[in-house]
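This report concerns only the one structure given below.
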Amino acid sequence: MRRRRASFLSRSRDATNGVEPNALPVGRSSEQALLIDSLGLGLLTIQDHPYRAAFDDTWTLLTFLAARTRHVTLVPTVSSLPLRPPAVLAKAVATLDRLTGSRVQLGRGAGAFWEAIEAMGGSRRRPREAVDALEEAITVIRAMWSGERSVRTHGA
């Protein structure tokens, strides 16, 4: 019997292969990640939509999958800026990257789905405000990763 390739997998080693962050059925995300890792594919991505009740928390899931896999690079696509404070996110990413032997990359987003973001305590932003906040977040994250003992940035 010929084995069928999973529909969520790309044929290219350098392509992005997403794991569905659905909370149910339990174990599905792990099975997908283990398959991606065992096939030697390069990237494993997870959507970051914390306001979606059906999704597991991205950073908790990434940490769990990092512990179960050995080779694949893990990437959130994309971390929701209005709900993930940049200094805290920078620390979390740096920690997970160190613990996995440099297997974590960071995707950032200015935000969308504003009603859902507001429902979770985030602020609604106009397009220009969202871009400005993203630029400021990148500055903060770079400062946090600079290796300096103490960092300071000037916000908008």
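Computed values, structure above
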item: Number of positions in region 68-91 that are open to solvent by 70 Å² or more (accessible area, probe 1.4 Å) and part of a helix (DSSP H, G or I); result: 3
item: Candidates Val151, Val93 - the one that is aliphatic (A, V, I, L, M) and modelled with pLDDT under 95; result: Val151
item: Cβ-Cβ under 6 Å pairs, at least 6 apart or on other chains, region 117-134 side under 9 Å from Leu81 (Cβ atoms), far side part of a loop (DSSP other than H, G, I, E, B); result: Ala130/Ala110; Ala130/Gly111; Leu134/Ala110
item: Residues that are surrounded by 13 or more Cβ atoms within 10 Å (Cβ to Cβ), closer than 16 Å to Arg108 by Cα and not hydrophobic (A, V, I, L, M, F, W, C), drawn from region 129-156; result: Glu129, Asp132, Glu136, Thr139, Arg142
item: Subset of region 34-67 that is of a type in the set (Gly, Ala, Ser) and in a helix (DSSP H, G or I) - its residue that is surrounded by the most Cβ atoms within 10 Å (Cβ to Cβ); result: Ala66
item: Residues satisfying the stated conditions in region 92-139, i.e. among the charged types (D, E, K, R) and in a loop (DSSP other than H, G, I, E, B); result: Arg103, Arg124, Arg125, Arg126
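The values are calculated or read from the model by the stated rules, or taken from the named source; none is laboratory data. No experiment lies behind these values; they were computed from the predicted model shown. FYI the Cβ positions are ideal-geometry reconstructions off the backbone, even for glycines, and counts take in every protein chain you see. Side chains included, ligands, DNA and RNA excluded: accessible areas come from the protein's heavy atoms. Shrake-Rupley method; radii C 1.70, N 1.55, O 1.52, S 1.80 Å.
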